[in-house]
1. From the list Leu187, Leu192, Leu247, which one is within 16 Å of the ligand (Cβ to nearest atom), assigned by TED's automatic domain parsing to the domain that holds Ala163 and within 30 Å of Leu87 (Cα to Cα)?
2. What pairs come out if I take residues in segment 39-62 that are among the basic types (Lys, Arg) and pair them with residues that are in a helix (DSSP H, G or I) whose C-beta lies under 7 Å away, six or more apart or interchain?
3. Quick one: would you say Ala211 is at pLDDT below 95 and away from the ligand (no atom under 16 Å from the Cβ)?
4. Considering each of Leu262, Leu283, Leu247 in turn, give the residue that is on the phi < 0 side of the Ramachandran plot and exposed (fewer than 13 other Cβ atoms within 10 Å of the Cβ).
5. Answer with yes or no whether Pro165 is more than 16 Å from the ligand (Cβ to nearest atom), of a type outside the set (Gly, Ala, Ser) and not in a strand (DSSP E or B).
6. Looking at segment 246-273, which of its residues are under 20 Å from the mean Cα position of the chain (by Cα) and without any contact (Cβ under 8 Å) to a residue 24 or more places away in the chain?
7. For segment 214-244, how many residues are within 16 Å of the ligand (Cβ to nearest atom) and either exposed (fewer than 14 other Cβ atoms within 10 Å of the Cβ) or on the phi < 0 side of the Ramachandran plot (or both)?
8. Return the pairs, sorted by first residue and then second, in which the second residue is within 15 Å of the ligand (Cβ to nearest atom) and of a type in the set (Ser, Thr, Tyr), the first residue lies in segment 90-114 and is outside the structural domain of Gly244 (by TED's automatic domain parsing), the beta carbons are less than 8 Å apart, and the residues are 6+ apart or on different chains.
Amino acid sequence: MTIDSGWAERYSRQIMLAGIGGNGQRRLGEARVGIIGSGPAARTVLLYMVAAGVGVARGETAPIAGMPEVAHALASNPACRIEPLRLPEDAAHLDLLIDTGESAIDGNRIALQWQLPLLGAMPTEDGRIRLAGSRAGANPNLPCMACGAPPRQTQPAQWNTLALPATGCALASEAIKTLLAIGDPTLFTAALLFDPLRAEYQTLPRTRDPACPCCATEFIDITIATCPMTFVLVKLKMETMAPGQRLRVRLNGGEPLTNLPLTLRDEGWPVSPPWTEGDAFGLLVTKLAR
Ligand SMILES: [Zn+2]
């Protein structure tokens, strides 16, 4: 990214905005966003990511043949790149994942596995659009996209076309907020329901569901064990699990809480920050697909 007078002029309206400024614009220029979906909502998000000066936008819709509006935005933002999105292998090179619900790919599981922030949209049975976010990959105290939500459809979502522009714009706006850590991160602890026929918005709080099958697929209680048996029991359990599954571990404070996360990370398994569970602690371990 070259910072010159052309760059300053190109993004002057954003640089003048409170919360963005020159530093924020540079951060956008270094950001890498993955967009799951290949329909109009994904194309709208892609268009706004390029227009905002996001460095790399990876999309299922790339290359951009047949998207003249995106090609036009790209011509005005020469430092931006659009690249094809291949999941899960590209997940390690993203700062944010956006799941427009227009694809059969489940962004929630990928975001959990790779500890990525996720923004997503999904139509509801009554014709509304549900917008939500997840930081559960990095913080297991927060709800994942599936916590308390209706089961994800196995087929790409059937959209109310009235909702598509609003959905794409809302996801793009939340993406810029998330990348710059500005504004109120409401969608990470709430769902926004949008009714395009009535122009009504409703915000519903969301909390983590302890029984959610996505953010913890397996559970083990090792409070009866001492080191090094704590690690041995977790390792045996992990060996029975499939790649991508997450194990919730209940363990004691003190030595187990100090030693176990270090040993698990040495094995190459991402470990969440611990949280308290009564007089014990909990943490999530992810078995990576590689
Ligand atoms: Zn969950």
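1. Details: Leu192 fails: within 16 Å of the ligand (Cβ to nearest atom); Leu247 fails: assigned by TED's automatic domain parsing to the domain that holds Ala163.
Of Leu187, Leu192, Leu247, the one residue that is within 16 Å of the ligand (Cβ to nearest atom), assigned by TED's automatic domain parsing to the domain that holds Ala163 and within 30 Å of Leu87 (Cα to Cα) is Leu187.
2. Within 7 Å, the pairs are Arg43/Val70; Arg58/Asp90.
3. Values: at pLDDT below 95: yes; away from the ligand (no atom under 16 Å from the Cβ): no.
Considered against the rule, which asks whether it is at pLDDT below 95 and away from the ligand (no atom under 16 Å from the Cβ), Ala211 comes out as no.
4. Working: Leu283 fails: exposed (fewer than 13 other Cβ atoms within 10 Å of the Cβ); Leu247 fails: exposed (fewer than 13 other Cβ atoms within 10 Å of the Cβ).
One residue alone meets the criteria, Leu262.
5. Values: more than 16 Å from the ligand (Cβ to nearest atom): yes; of a type outside the set (Gly, Ala, Ser): yes; not in a strand (DSSP E or B): yes.
For Pro165, the condition - more than 16 Å from the ligand (Cβ to nearest atom), of a type outside the set (Gly, Ala, Ser) and not in a strand (DSSP E or B) - is met.
6. Val271
7. Of segment 214-244, the ones within 16 Å of the ligand (Cβ to nearest atom) are 214-219, 244.
Filter again for either exposed (fewer than 14 other Cβ atoms within 10 Å of the Cβ) or on the phi < 0 side of the Ramachandran plot (or both), leaving 214-219.
Here the count works out to 6.
8. Short answer, once both residue conditions are applied: Asn108/Ser134; Ala111/Ser134; Leu112/Ser134; Leu112/Thr286; Gln113/Thr286.
The values are calculated or read from the model by the stated rules, or taken from the named source; none is laboratory data. On a predicted model such as this, the values are computed, not experimentally measured, just so you know. Note that we place each Cβ from the backbone using ideal geometry, even for glycine, and neighbour counts take in every protein chain shown.
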